[in-house]
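The structure appears right after this line, and notes come after that.
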Amino acid sequence: MDVRFTPLWISYPKVLWRCYRSLQEGQSLRHLFNVNPVFGPKDIFVFSKIALTELLQSIGVRQPEYVVLERDRRSSERLEKLLRDYGWLVAKPEFGARSKGIFILKDEAQLAEFLKSDRKRRYLVQVFVIGDELSIMFSRMPAGEVKARSIMRRSKVTVVGDGKSTIEQLASSVCEGEVLSAVLKRHDGEEVLPEGEHRLLSELGTYRLGASYEPVSEQPSWVADVETRLSGVDGLNYCRVDVICNPQTNEYWVLELNGSHAEPLEAYQDPDDSAKFFDTLGQSIMQRIEIGKAVEEQGQSPPTRLEILSFASSWFVDYLKRQTRWG
């Protein structure tokens, strides 16, 4: 089983059942809804990328320039200016996960096509920054300081031409199955790549497009700055931050913050090792339960089962509406 393509509705019930059987006295799965009081219980699902980006801006975290795409023409004009000034843009739906619904916009024609193609949702559109891509898990107990717990480097799939083989043949040597199918949707599989030419098969460092992950042993010095800024956000206790950095200049740009729904990328180091996948997710969930229990001990109770059912239903209805209209 390739864990990169395991549907959430299959993987998470299995992991949650394991965690339920491992609960200690005083612990409850309801504590998962109590991890980040700053965002509220819905953070366990998917929170607004736009709201999270604005939060990062408010605490002075460096980010790529961005535009929130609404229906008005003014946003479109700003996007056209960003494209002229910086080159590529990346458009992310306000609510989304696992890199679904993301567009890479490389020129005015692609931007114009994108602006016409999806009028259902709001989008966060950022300048596309090139550099080393890292994902960092941060956490703390409510009374402590936010600390980086793990750092993973994302490596995107690249092939080198030999002047004879097609892109499909070259891609088949580095990925297979559903990953190969996903990659070939973005390329002309019959194109023969000239000898020595390097071709990036996906601009996105996502496991669903063949990216691989390796742990970073030495923590970059700028991580301490991110820790300090996140520590200043009351009620933020668990998150994953995706970053582009330049090791030569020690600069960094935070691309995205994901709250208590964030998956630890260590789970995807070996896509065929389902045992490690479920163990790593389980450990992460138990850590979040421990944090949620500590939040309750400080006086903020988790939602009741009825409240959980109510806002889960509300969230699902909102999700369906977002599929049929803007925002």
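The values are calculated or read from the model by the stated rules, or taken from the named source; none is laboratory data. These numbers were taken from a predicted model, which means no experiment stands behind them. We place every Cβ from the backbone using ideal geometry, glycine too, and count neighbours over all the protein chains shown.
When the range 40-55 is filtered for residues that are surrounded by fewer than 21 Cβ atoms within 10 Å (Cβ to Cβ) and either charged (D, E, K, R) or out of contact with any Asp or Glu (no Cβ under 9 Å at 6 or more places or on another chain) (or both), the ones remaining, listed by number, are Gly40, Lys42, Phe45, Val46, Glu54, Leu55. Checked against (1) acidic (Asp, Glu); (2) in contact with a helix residue (DSSP H, G or I) (Cβ under 7 Å, 6 or more places away or on another chain); (3) assigned to a loop (DSSP other than H, G, I, E, B), Glu296 passes all but a single condition, namely (3). For the range 154-163, filtering for residues that are surrounded by fewer than 17 Cβ atoms within 10 Å (Cβ to Cβ) and either part of a strand (DSSP E or B) or of a type in the set (Phe, Trp, Tyr) (or both) leaves 3. Residues that are out of contact with any strand residue (DSSP E or B) (no Cβ under 9 Å at 6 or more places or on another chain) and either crowded, with 20+ Cβ neighbours inside 10 Å or basic (Lys, Arg) (or both) within the range 219-237 comprise just one, Arg229.
Inside the range 238-254, residues that are buried (at least 21 other Cβ atoms within 10 Å of the Cβ) and over 20 Å from Asn36 (Cα atoms) make up a count of 2. Only strands (runs of 3 or more DSSP E) whose full extent lies in the range 33-149 are considered here, and the ones with at least 2 residues that are touching a Cys at 6+ places or on another chain (Cβ under 7 Å) and at pLDDT 85 or above are 132-139.
Against the list (1) under 30 Å from Pro41 (Cβ atoms); (2) in a loop (DSSP other than H, G, I, E, B), the condition Arg229 fails is (2). Only one of the numbered conditions (1) under 28 Å from Pro13 (Cβ atoms); (2) without any contact (Cβ under 8 Å) to a residue 60 or more places away in the chain is not met by Glu266, and that is (2). Among residues belonging to the range 299-311 that are free of Cβ contacts under 8 Å to residues at least 40 places away in the same chain and in a helix (DSSP H, G or I), point out the one that is surrounded by the fewest Cβ atoms within 10 Å (Cβ to Cβ). Only one residue fits best here, namely Leu306.
Here's the yes/no breakdown for (1) more than 21 Å from the chain's Cα centre (by Cα); (2) assigned to a strand (DSSP E or B):
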| site | (1), (2) |
| --- | --- |
| Val233 | no, no |
| Val241 | no, yes |
| Cys245 | no, yes |
| Tyr252 | no, yes |
| Lys276 | no, no |
| Glu290 | yes, no |
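It is to be established whether one or more residues within the range 167-190 are in a strand (DSSP E or B) and crowded, with 16+ Cβ neighbours inside 10 Å. No; the residues of the range 167-190 include none that is in a strand (DSSP E or B) and crowded, with 16+ Cβ neighbours inside 10 Å.
Screening the candidates Ser231, Ser212 for the property of being modelled with pLDDT of 90 or more and either among the hydroxyl-bearing types (Ser, Thr, Tyr) or more than 30 Å from Gln169 (Cβ to Cβ) (or both) yields one hit, Ser231. Look through the range 292-313, keep the residues that are charged (D, E, K, R) and farther than 21 Å from Phe47 by Cα, and return whichever of them is farthest from the chain's Cα centre (by Cα). If we take residues in the range 292-313 being charged (D, E, K, R) and farther than 21 Å from Phe47 by Cα, then Glu297 is farthest from the chain's Cα centre (by Cα).
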